[in-house]
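Bear in mind these aren't lab numbers, they're just calculated from the coordinates by the rules spelled out. Every value quoted in this text rests on a predicted model; they were computed, and no experiment measured them. Because the Cβ atoms are built from the backbone with ideal geometry, glycine has one as well, and the counts that use them run over all protein chains shown.
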Amino acid sequence: MNADAHARVGYDPSPLKEPTTQTRVAIVTGASRGIGRAIALRLARDGRHVVGFARNAEQLESLRAEIVAAGGSCEMQSCDVGDGEKLALEIEAVAERHGRLDIIVNNAGITRDGLILRMSDEDFDDVLRVNLRSAFVACRTAARPMMRGRFGRIVNLGSVSGIVGNAGQANYATAKAGLIGLTKSIAKELGGKGITANVIAPGFIDTDMTTALPAAIREGVLPAIPLKRFGTGDDIAAAVAYLTSDEAGYVTGHVLSVDGGLAM
Ligand code: NAP
């Protein structure tokens, strides 16, 4: 291939440069435990500077210590993502401190399960505020520094419930379905600025969220999972690592099920 052809296909024939990914700054919400913790550990291992948001200071400190012991770079921020004003200020502060914000993973989430006849307005609103509104605020705030850097990777944690619905989860499924509309809309708005936005839709993953389920439900769901096991935080973290990588720059507006085949 001659030099002109290289230019046409965007190939850079110059010697290897220092990998830019090492300096990428990544916010992970809900990093204190479960899936968020696995994501934070993975992104730090991949050379990102990780900023973990959550409320439990003790768990955040243990995550910080683990990342630092493994030679990673991180900082932890106590933050209730349900407080939109505070969340926006904390995200802005990260971008200001580092002069950039490259990656945001909106992972923080709660459940308040109940059948619709008994579901209170409060349980509906709480779940929408923490699972959906927080992601909207985070995306809106992160978009500015990402646009300035002409690079961004947004990943929102959806759920199989947001795709196929789930009895007892009208609030949660609504929030997770809403995340898909939010993500596809911002993928269209921000694509021209080098920013991608995608959803990962986990199935049943072994965390505090699913150990809280009655044993009968846990056992009952297994036969419906083609891969015959619950997933792990690392299964989700691997998908996040890909979607937030520089190499995933042509993947946007996608809903990636990581569910052992449950939703197909
Ligand atoms: P988890 O073990 O219950 O952990 C939830 C995380 O979210 C914790 O780090 C928690 O931190 C944080 N969080 C909750 N409310 C918060 C708030 N108001 N402000 C800041 N952080 C908050 O849940 P998980 O299983 O890891 O779930 C993570 C994400 O994956 C959620 O969005 C969930 O909906 C989604 N998901 C999970 C499954 C599953 O099977 N586990 C399946 C589908 C989707 P603090 O308590 O310290 O604040």
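What percent does the relative contact order of the stretch 127-264 come to when contacts are Cα pairs within less than 8 Å and at least six residues apart?
Numbers: 212 pairs, mean separation 40.3, N = 138.
In percent, rounded to a whole number, it is 29.
Modelled spin-label separation between residue 234 and residue 144, with each label point placed 7 Å from Cα along the Cα-to-Cβ direction: 4.0 nm.
On full extension, the segment bounded by residue 75 and residue 208 gains 45.5 nm, given 0.36 nm per residue less the C-alpha separation. In the chain, the DSSP-assigned H stretches of four residues or longer account for a calculated mean residue ellipticity at 222 nm of -13500 deg cm²/dmol, using -39500 (n - 2.57) per stretch and the full residue count as denominator. Net charge dipole, the stretch 113-219: roughly 940 debye, given to the nearest 20, about the Cα centre with Cβ charges of +1 for Lys and Arg and -1 for Asp and Glu.
Based on Cβ point charges of +1 for Lys and Arg and -1 for Asp and Glu, what charge dipole magnitude is obtained for the chain about its Cα centre, in debye rounded to the nearest 20?
In debye, rounded to 20, the chain gives about 560.
Using Cβ counts within 10 Å as a stand-in for footprinting exposure, how do 144, 33 rank, fewest first? Walk me through the numbers before you get to the answer.
Numbers: 144 13, 33 18.
In increasing order of surrounding Cβ atoms, one gets 144, 33.
Over the chain, what is the relative contact order in whole percent, taking alpha-carbon pairs under 8 Å and six or more residues apart? Spell out each step's value before the answer.
Details: 506 pairs, mean separation 48.3, N = 264.
In percent, rounded to a whole number, it is 18.
Comparing mean-square fluctuations of 193, 184, 228 from a GNM of the chain with C-alpha springs under 10 Å, the top value falls on 228.
The phi torsions of the stretch 157-165, fed into the Karplus equation with coefficients 6.51, -1.76 and 1.60 and a -60° offset, translate into couplings of 8, x, 6, 4, 4, x, 9, 10, x Hz, rounded to whole numbers, with Gly and Pro shown as x. Which one, 35, 91, 187, projects farthest toward the positive side of the charge dipole computed for the chain from Cβ point charges (K/R +1, D/E -1)? The one lying farthest along the dipole's positive direction is 187.
If the chain linking residue 66 and residue 136 were pulled fully straight, counting 0.36 nm for each residue of separation and taking away their Cα-Cα distance, it would gain 22.2 nm.
Against the chain, whose longest principal axis comes from its Cα atoms, helix 233-243 is set at around 40 degrees. So what's the angle, to the nearest 10 degrees on a 0 to 90 scale, between helix 34-45 and the longest Cα principal axis of the chain? Once rounded, one gets 10 degrees.
Of 240, 50, 94, the residue with the greatest mean-square motion in the GNM of the chain, using alpha carbon springs below 10 Å, is 94.
Taking the chain as a Gaussian network of alpha-carbon nodes connected by springs under 10 Å, the highest mean-square fluctuation of the residues 57, 108, 70 belongs to 70. Only Cα pairs under 8 Å and 6+ residues apart enter the sum, and on that basis the relative contact order of the stretch 18-149 stands at 25 percent.
Which residue, chosen from 132, 114, 78, occupies the Cα position most advanced towards the positive end of the dipole of the chain, where the dipole is computed from +1 (Lys, Arg) and -1 (Asp, Glu) charges on Cβ about the Cα centre? Ranked along the dipole, the leading option is 132.
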